[in-house]
Structure formats: C-alpha cells, structure tokens
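Only one structure is covered here, and it is reproduced in the block below.
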Amino acid sequence: MINRSHFILFVEDQPASRQFYEAVLAVAPSLDVPGMTEFQLGGECVLGLMPITSIRTLLGPDVFDQSAHGAPRAELYLQVQDPESCHQRAIENGAREVSPLSPRSWGHEAAYSIDPDGHLLAFACPTRPTTAKRI
C-alpha cells in the first residue's frame, strides 16, 4: 500500500524554481532546504524540486542527460478548481504557454505551459464524467 506520493522534478536553480512554484501554486513550501524543496499538493501528494547537481551527486554524473534540456522531461498535471487563473499565474511567473485552456477529449478543460526548467505544466478541471477506465 502506498502511504504518500512524491513527484520530484530536477531543476537548474532551486531558489528560482521554488519561487516559481510558490507563486503558481499559491502555497508556501512545506520543506525548503539546500537540495530539496517540497510543496504539499493535497492529501498525501508532494511535489519536490531537486537541483540537478544534487541528483548528479547522488547517482553519478552520467545519469542525467543534458542533451534533453529544453525538451519536456516530465508533465505535472494538476486538477484544480480554477485552471485559467493557475495557468495565468504560471505565465506571469515565467512559464511559456503551449496551449490555452481548452476542452480536451478525455473530459477535462486543460491549459498547458512549459515551466522555466522545461517541464510540461498542466492545470485542468473535469467538464464531464468520463467513461475511460483508469488504471
């Protein structure tokens, strides 16, 4: 049984990424120490921000492929009550818009942007019940 989930994004500049996500999520970090910043996302889900230098130190210099820089390496898909205002906060704080809030085929409205570290960031809300089975 999983008791708590952590989703960790590797970032170039931990303080800048902390500032970005604190502004976009409108919540203060629950942990902010050299090497890791965490945000409680609700329930038992945590978003972590770890500097690339820390993951290189932890796992070795060959683990992280810098050639992928600029291409989305992960997607953070957050269901929120007001995806438009969250998306706008992301843009105002340095994210690059990929797609404005629009209806999606899976029964959500979602807006997409790229955060300053190249991660895909989506804010969404359900628009209709879906019949798709989740695994």
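The values are calculated or read from the model by the stated rules, or taken from the named source; none is laboratory data. It should be emphasised that the depicted structure is a prediction, and the values quoted were computed from it without experimental measurement. Ideal geometry is used to build each Cβ from the backbone, glycine not excepted, and the neighbour counts take in all protein chains shown. Areas reflect the complete protein model, heavy atoms only, side chains present, ligands, DNA and RNA absent. Shrake-Rupley method; radii C 1.70, N 1.55, O 1.52, S 1.80 Å.
Tabulated data for the structure shown
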{"item": "Simple spin-label estimate for Ala74 and Thr127 in nanometres, 7 Å along Cα-Cβ", "result": "2.9"}
{"item": "For Cys125, net neighbour charge (Lys/Arg +1, Asp/Glu -1) across residues whose Cβ lies under 10 Å away", "result": "-3"}
{"item": "Paramagnetic reach from Glu92 (point 7 Å along Cα→Cβ, amide N under 20 Å) across region 15-38", "result": "16-29"}
{"item": "Built amide H within the under 5 Å cut-off of Thr127, gap 5+", "result": "His108, Glu109"}
{"item": "Sequence of Val98, Val80 from largest to smallest accessible area, 1.4 Å probe", "result": "Val98, Val80"}
{"item": "Length gained when the stretch Ser85-Arg4 is fully extended (0.36 nm per residue, less Cα-Cα span)", "result": "26.4 nm"}
{"item": "Gln79 long-range amide H proximity, modeled H, under 5 Å", "result": "Ala124"}
{"item": "Heavy-atom SASA rank of Tyr21, Tyr77 (probe 1.4 Å, accessible area, largest first)", "result": "Tyr77, Tyr21"}
{"item": "Neighbourhood charge, 12 Å Cβ-Cβ cut-off, centred on Thr53 and excluding it, Lys, Arg +1 and Asp, Glu -1", "result": "-1"}
